[in-house]
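Notes to accompany the following structure.
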Amino acid sequence: MEALLAELALVGPRPLRGRVRVPGDKSISHRALLFTALAHGTSRLWGLADGDDVVRSRAAVEALGVRVRDGAGSPAEAAVAGERAEPVVIVRGTGFAGLSEPEGVIDCGNSGTSIRLLAGLLAGRPFHSVLTGDASIARRPMARVVDPLRRMGARIDGRDGGQLAPLAIRGGGLTGMRHELAVASAQVKTALLLAGLQADGGSEITEPARSRDHTERLLPAMGAVLEPIPGGVRVAPAPEGLAALNLFVPGDPSAAAFFVVGACVTPGSDLVVEDVCLNPTRIGFVDVLRRMGADVEVVVKEERGGEPVGDIRAAAGPLRATTMAGAEIPGIIDEIPALAVAAAFATGTTEVADAAELRVKESDRIGTVAQELSQLGIAVQTRPDGLLITGGRPKAGLLKSHGDHRIAMAAAIALNACDGPSTVRGWPAIASSYPGFAADLAAVTG
């Protein structure tokens, strides 16, 4: 991965025009790597996300004895894959039983998905492992995944009684059970499904609201038996492991959201983000933007790996305030920094509520969004679980990433729409999910 500039310089406003393809979906990429490691046989994955978070998941499965390599695949596969033939990641799965005790600590970096999903996977393995991460991971809550895994029989310890990383796991001997999650979380749900695959007896997971369902789509494609139940899903044990697969990962809708919002708020813009995952649990931000009066169109073109895939077109136009709250929040939680930028350019006061989860992301996103929009001259009030953003005419200036990749991208699209020169400091934070964001933004604003 190339070194990133310490800060990003912009001169706006620059309309976003043409077409762009964002990196492969990060959520699917994590799952594809972990699930194919548990498969028997060779899987091939095209278009994996190229950020550091997914690199950490790859390194983790390699530390567990799974062979992973880059390659072009066979000529026949290249012909089928077309322009997606490069790069391909080849995973030689071992099944659950073939995983081996890691020689050292597994470092998940900045990836909350990696550490929580790995906790569920390793809870069923009869050996010792330790999961850690960077300073941000050290602050993020782990009890929500540790406590239910302990109830299934895993022995897990960590800082503050297991509420914080690093996590030391001695797995094996799990018993299936029913889990009723207090907070809707695709990460926790997936961790418990991975544990359930290794448990004695079936497991059920219910949530207070619907979270993203990539796991429920991908696991059955690999032979796992999942059954929908009211408010959740039931999983049957799969002690023999999963079936291998070939998968072309579609573009990440959370990354696409920044370009879509950028096009909506920057005069003269008309942009197509192509080959995007259009999973209904991931494109709630489109519904929000349409409520705000945005000119946004979604076109489904195919199904791939159980996921609808297609294009999102967005054009500039006037926006009005809206409310984001309740059951809608889990489906837009990662896109709220982008939607906050839309609110900053909208007429009226936008309310974000029921989003306390923002406090425990890579940064306190309620605080960091408020701080950075205030730097643009926008009136923002914070609440324990949300924000009040009164739109206006944001002014160019200096913004900071706070070490958070989504705050960095939100800052960039906001400043690109402002009149004059601007700077985003702390730009290397982008490396965790989208190291090529600046280059792709330049390509559609040049």
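The values are calculated or read from the model by the stated rules, or taken from the named source; none is laboratory data. Treat the numbers as computed from the prediction; the structure is a model and nothing was measured. A quick note on method: Cβ atoms are made from the backbone with ideal geometry, for glycine too, and the neighbour counts reach across all protein chains shown. Note: accessible area is taken over every heavy atom of the protein model, side chains too, but ligands, DNA and RNA are not part of it. Shrake-Rupley method; radii C 1.70, N 1.55, O 1.52, S 1.80 Å.
If we keep just the residues of the range 353-363 that are part of a loop (DSSP other than H, G, I, E, B) and either touching a residue at least 40 places away in the same chain (Cβ under 8 Å) or of a type in the set (Phe, Trp, Tyr) (or both), which is nearest to residue 142 (Cα to Cα)? Top of the filtered list is 361.
You will find that of 326, 305, the residue that is small (Gly, Ala, Ser), over 19 Å from the mean Cα position of the chain (by Cα) and either over 22 Å from residue 446 (Cα atoms) or at pLDDT below 95 (or both) is 326 and no other. Is it fair to say residue 137 is open to solvent by less than 10 Å² (accessible area, probe 1.4 Å), in contact with a Leu (Cβ under 6 Å, 6 or more places away or on another chain) and either among the charged types (D, E, K, R) or not in a loop (DSSP other than H, G, I, E, B) (or both)? For residue 137, the condition - open to solvent by less than 10 Å² (accessible area, probe 1.4 Å), in contact with a Leu (Cβ under 6 Å, 6 or more places away or on another chain) and either among the charged types (D, E, K, R) or not in a loop (DSSP other than H, G, I, E, B) (or both) - is not met. When 333, 329 are screened for being under 30 Å from residue 139 (Cβ atoms) and either of a type in the set (Asp, Glu) or without any contact (Cβ under 8 Å) to a residue 40 or more places away in the chain (or both), only 333 passes. For residue 190, indicate whether it is modelled with pLDDT of 95 or more and either touching a Cys at 6+ places or on another chain (Cβ under 9 Å) or surrounded by fewer than 23 Cβ atoms within 10 Å (Cβ to Cβ) (or both). It is false that residue 190 is modelled with pLDDT of 95 or more and either touching a Cys at 6+ places or on another chain (Cβ under 9 Å) or surrounded by fewer than 23 Cβ atoms within 10 Å (Cβ to Cβ) (or both). When the range 369-411 is filtered for residues that are in contact with a Leu (Cβ under 7 Å, 6 or more places away or on another chain) and either farther than 24 Å from residue 320 by Cβ or open to solvent by 60 Å² or more (accessible area, probe 1.4 Å) (or both), the ones remaining, listed by number, are 375, 381, 395, 397, 399. With respect to being modelled with pLDDT of 95 or more, farther than 30 Å from residue 90 by Cα, open to solvent by 40 Å² or more (accessible area, probe 1.4 Å) and in contact with a helix residue (DSSP H, G or I) (Cβ under 7 Å, 6 or more places away or on another chain), residue 288 falls outside the description. Would you mind stating whether residue 223 is free of Cβ contacts under 8 Å to residues at least 24 places away in the same chain and within 27 Å of residue 126 (Cα to Cα)? Yes.
Is it the case that residue 346 is more than 22 Å from residue 209 (Cβ to Cβ), in contact with a strand residue (DSSP E or B) (Cβ under 7 Å, 6 or more places away or on another chain) and open to solvent by 20 Å² or more (accessible area, probe 1.4 Å)? It is false that residue 346 is more than 22 Å from residue 209 (Cβ to Cβ), in contact with a strand residue (DSSP E or B) (Cβ under 7 Å, 6 or more places away or on another chain) and open to solvent by 20 Å² or more (accessible area, probe 1.4 Å).
When you scan the range 200-208, do you find a residue that is buried (at least 18 other Cβ atoms within 10 Å of the Cβ), within 23 Å of the chain's Cα centre (by Cα) and either assigned to a helix (DSSP H, G or I) or not hydroxyl-bearing (Ser, Thr, Tyr) (or both), even just one? Within the range 200-208 (the criterion being buried (at least 18 other Cβ atoms within 10 Å of the Cβ), within 23 Å of the chain's Cα centre (by Cα) and either assigned to a helix (DSSP H, G or I) or not hydroxyl-bearing (Ser, Thr, Tyr) (or both)), the answer is yes, since at least one residue qualifies. The C-beta contact set for the range 111-128 (first residue open to solvent by 10 Å² or more (accessible area, probe 1.4 Å), second residue part of a helix (DSSP H, G or I) and not polar (S, T, N, Q), distance under 7 angstrom, 6+ apart or interchain) comprises 113/30; 113/53. Checked against (1) of a type outside the set (A, V, I, L, M); (2) in a helix (DSSP H, G or I); (3) farther than 23 Å from residue 14 by Cα, residue 350 passes all but a single condition, namely (2). Counting only helices (runs of 4 or more DSSP H) wholly contained in the range 210-322, the ones carrying 2 or more residues that are among the charged types (D, E, K, R) occupy 214-221, 284-291. List, please: which pairs have Cβ atoms under 6 Å, are six or more places apart or on different chains, and start with a residue in the range 241-258 that is at negative phi and end with one that is open to solvent by 10 Å² or more (accessible area, probe 1.4 Å) and of a type in the set (S, T, N, Q)? So the pair list comes out as 244/42. With respect to the conditions (1) open to solvent by 10 Å² or more (accessible area, probe 1.4 Å); (2) closer than 18 Å to residue 283 by Cβ; (3) touching a residue at least 40 places away in the same chain (Cβ under 8 Å), residue 300 falls short on a single one, namely (3). Within the range 106-119, the only residue that satisfies the criterion of being within 20 Å of residue 149 (Cα to Cα), in a loop (DSSP other than H, G, I, E, B) and not small (Gly, Ala, Ser) is 108.
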